[in-house]
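Below is one structure, written out as structure tokens, with a few remarks after it.
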Amino acid sequence: MITTETQRLIDLALDEDQVYNDLTTDSLIDPKVVGTARFISKQAGVLSGIYVASEVFRRIDHSIKLEIHIDDGNEVQPGSILAEVFGKAGTILRGERTALNFLQHMSGISTETSKYVNAIKDYKALVLDTRKTIPGFRMLDKYAVKMGGGENHRLNLADGILIKDNHIAILKDSNMNLSDIVNISRQNTITPNKTEIEVTNLSQLEDALLGNPDIILLDNMSIEDMRKSVKRVNGKLLLEASGNVTLENIASIAETGVDLISVGALTHSSKALDISLETEF
């Protein structure tokens, strides 16, 4: 989990917070003082980011000791002790806010994802994230989605072909239909990739089917049109529903028989899970 990319992101966060120039800690705390700190959940949720939070302290001071009590992907309750940190008081105080920022943010995403996943547990559809992530946090945000039981859509622009409305709009003056666009995209791609194209109505669906894409994205379609799309496709390719998906309507979307449901809110609107760091010195 702790990749070079994650370590670089942690280092940027520590530099942003000026942890090696902590005026308060430097002016008050004897460098020889040691103690213990415990990550404690203050609400129920699904944990994600405990190893990232722990790595924050290691990046400041390699002598710090850590003990993980609850692993990522597990449910936590109010009062759950997630992990303990043992070492210099100064290190704990310097890293506290940065560690909690990572942990609360990631656990918020995994907790929200689990709600969507549970809402459609009786249907075949999978819950997917999108690229609507905090810049620089893409891998951590998508890891958190996985910890909540969701699946990852494209990691980045190089991870598969997704022909969206703006691609289509730019090409509209060339008198190409959607099937032509799918075929041209394949012809101009050196390595084989799954090809997905976005449609907004049943007429576009028929056009896109002629190009035999791997996935068709049903963007902001009505429930009834989604149901008709599923019947028309009849399992010949994957159908993804997207656009204004909420906890209130995701079960109705899944009931139509679509294969995938992408939810931007998982990463752009999840509320941080309330977690504290309590110390003993």
If the requirement is being crowded, with 21+ Cβ neighbours inside 10 Å and not assigned by TED's automatic domain parsing to the domain that holds SER54, which of these qualifies: ILE216, ILE170, ILE275?
ILE216
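With the structure loaded, tell me whether ASN201 is more than 30 Å from THR111 (Cα to Cα) and at pLDDT below 95 or whether it fails that test. Explain how you work it out, then say what you get.
Details: more than 30 Å from THR111 (Cα to Cα): yes; at pLDDT below 95: no.
No.
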Of all residues making up the stretch 83-98, the number that are surrounded by fewer than 24 Cβ atoms within 10 Å (Cβ to Cβ) and in contact (Cβ under 8 Å) with a residue 60 or more places away in the chain:
6
Here's a check for you: in the stretch 198-252, which residue that is in contact with a strand residue (DSSP E or B) (Cβ under 9 Å, 6 or more places away or on another chain) and small (Gly, Ala, Ser) is farthest from GLN187 (Cα to Cα)?
GLY243
Any residue at all in the stretch 51-67 that is touching a residue at least 60 places away in the same chain (Cβ under 8 Å), surrounded by 14 or more Cβ atoms within 10 Å (Cβ to Cβ) and either not assigned by TED's automatic domain parsing to the domain that holds GLY149 or not in a helix (DSSP H, G or I) (or both)?
yes
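The values are calculated or read from the model by the stated rules, or taken from the named source; none is laboratory data. If you're wondering where the values come from, they're calculated on a predicted model, not measured in any experiment. Heads up, the Cβs are rebuilt from the backbone with ideal geometry, glycines too, and the neighbour counts pull from every protein chain shown.
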